[in-house]
Structure formats: C-alpha cells, structure tokens
Amino acid sequence: MLLKDKRVLITGATRGIGRATALSCAAQGADIGINSFQDDAMAESLIYEIKQLGRRAFYCEGDVANPQSATDFIHAAVQHFGGLDVFVSNAGICPFHSFLDMPVDILQRTTNVNFLGTYTMCQAAAQQMVKQGRDAQGRGGSIIAISSISALVGGELQTHYTPTKAGVHSLMQSCAIALGQFGIRCNSVMPGTVLTDINKDDLSDPQKRAHLEKRIPLGRFGESKDIANVVVFLASDLADYVTGASVLADGGMFVNLQ
Ligand code: RM4
C-alpha cells in the first residue's frame, strides 16, 4: 500500500489519465477527492468504484478555468477529509486547430484550462498544505501536474496547447523552489501519446496514427494506467527526495530521432 490513508485530490478525474489515477491511488490505499467539469454521471460511477475499493471519496464539480473552483475543491477536501496530502492537477484540453486561423476563444479557453487552471488549483492546494504544516516525518505534501511530451516538442495543430504544457512543466520547477521550505514536493509527469478522449478524433487519421506509433521504441501508444503508475510513485513516500523533476513516460518517443 504505497499511499495508505493519504488524501489525494485529482482534477479532471472522471476520464482518461485522471480516472486511472484516481483508481490506482485508491488501490494503493488513498482516499480520493475528484473534480470534473459537467460530467456528473461519470463522476458518480467513479465515486462508486473508489468506494468499492474500500476508500472514501467525494466529488466537487467545477471548471478549473474559474479560480473559484480551486477554492471550492480545497474547501471540500477540508470538509470531507480534514485536508489533503497529495494534489494532482490533471485537467486539460487539446482542441487541435491550425495556427494561422486559430480563433481567439479556443486559444483563451485552452490557456485558461491548461495553465491558469493548473496554477490556481496548485496554489490553493499549497496554501492548505502550508496551513496543515509538516507531518511527523517532516513531509508537507506532494503536488503533481500532468504536463506532456508536448512541453518539449511542438505540434502543427497544437500551437495553443504546447506552450501551456511547457508552462505547467516550468510552474512545477518554480513551485518546487517556493515550497521546498514547507516540505512540499512539486513534480510534473510528461506523458507521450496516450490513447484517451483528448486525441480520439485526431488519431482516427490512420496516417497520423501510424506516423506516431512508428516513432515509439516500445511499439505501442501509452495507456492511462501507464501514467497513473508514475503519479502513484511521485505521490508516495518513495519519492521523498524528488522535487522539481519531470518524469517523461512516452515509450521512448521523445528521444527517438533516428
Ligand atoms: C499530448 C501529445 C499527444 C496528443 C495529446 C492530445 O500532449 O501531444 O500526442 O495526442 O496531447
């Protein structure tokens, strides 16, 4: 039980990487608080699955692009669990679109969800962790943000998206410095191409799918569970000396030039 009795909060938790992370953390002994945006049925089914694993769970609906959602989510954690030990900022969108005719509303929504949402959520989580103080082992908490391989490389249809993932990566580095004095660790995970709702349409193009798959030395796209496993490690006490790090989980895609 790598996460026994830890209180873990996850944004965008009802689908894909977020859902896999919630279930993996619960399977490792954690109680789970979930956030999602207007996805109540999926949230209720996830709450049921977590409780079937014998763990506590609560759901706090909210749009991460609205800073009030951060306040509400942390308040709910205090109400239900007395606080939190781990915060996972996972919520993100990637509405693929060409650069030259990128509508401002798509650019703004992507920025507000992926970067502003991560910033305000992690800030609210850190404020509560600081208020809680360190535990008997001197641990102050673990904050994990889901960045991407796209923090390191570009995408023709992702000019609005890749900068947000680079920003998430950089935010965790700076938060690691700002929060180390409180014993709070901050790290990012960089998934490669993981099959989820976010890229279902994009990867329905057989040529693009084959191009990407050919670039992966392990020969397969990632699954949400592959990323959840990395989050469990960073959330656990096994990562006690890991902060400011970025863990690339991409099947070798990034390094594979030739
Ligand atoms: C990831 C990466 C994947 C893409 C998703 C939407 O960061 O760019 O290739 O499918 O985003």
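The numbers here are math on the coordinates, done by the rules we state, and not lab data. Computed from a predicted structure; not experimentally measured. Don't worry about glycine lacking a Cβ; one is built from the backbone with ideal geometry, like all the others, and counts go over all protein chains shown.
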Legend entry - Helix axis angle, 67-81 relative to the chain longest principal axis, alpha carbon, degrees: 40 degrees
Inset, instruction - Please list the non-local residues whose amide H lies under 5 Å from the amide H of Val88, H modeled 1.01 Å from N, same-chain partners needing a gap of 5 or more. - result: Leu9, Ile10, Thr11, Ile144
Inset, instruction - Rounded to whole Hz and in sequence order, give me ³J(HN,Hα) for the range 149-165 from the Karplus expression 6.51 cos²θ - 1.76 cosθ + 1.60, θ = phi - 60°, writing x for Gly and Pro. - result: 4, 6, 6, 10, 9, x, x, 3, 9, 10, 5, 8, 9, 4, x, 5, 6
Legend entry - Degrees, to the nearest 10: 224-235 long Cα axis against longest axis of the chain: 40 degrees
Inset, instruction - Just tell me which aspartates and glutamates come within less than 14 Å, Cα to Cα, of Lys208; anything on the same chain fewer than 8 places away is out. - result: Glu156
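Can you give the calculated 222 nm mean residue ellipticity of the chain, where each DSSP H run of n ≥ 4 adds -39,500 (n - 2.57) and the sum is split over every residue, rounded to the nearest 500 deg cm²/dmol? Walk me through the numbers on the way to the answer.
Values: 8 runs with 103 residues, N = 258.
Rounded to the nearest 500, the figure is -12500 deg cm²/dmol.
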Inset, instruction - Set the Förster distance to 22 Å, then compute FRET efficiency between Gln127 and Tyr241 from the Cβ-Cβ distance, nearest 0.05. - result: 0.35
Legend entry - Choice from Gly33, Gly167, Gly219 with maximal GNM fluctuation in the chain (Cα, 10 Å cutoff): Gly219
Inset, instruction - Would you mind ranking Thr118, Thr159 by Cβ crowding within 10 Å, fewest neighbours first? - result: Thr159, Thr118
Legend entry - Proximal lysines relative to Lys6, as straight alpha-carbon distance under 19 Å, when same-chain residues fewer than 8 apart are discounted: Lys51, Lys131
Legend entry - Cross-link partners of Lys200 among aspartates and glutamates (Cα-Cα below 14 Å; sequence separation of 8 or more within a chain): Glu223
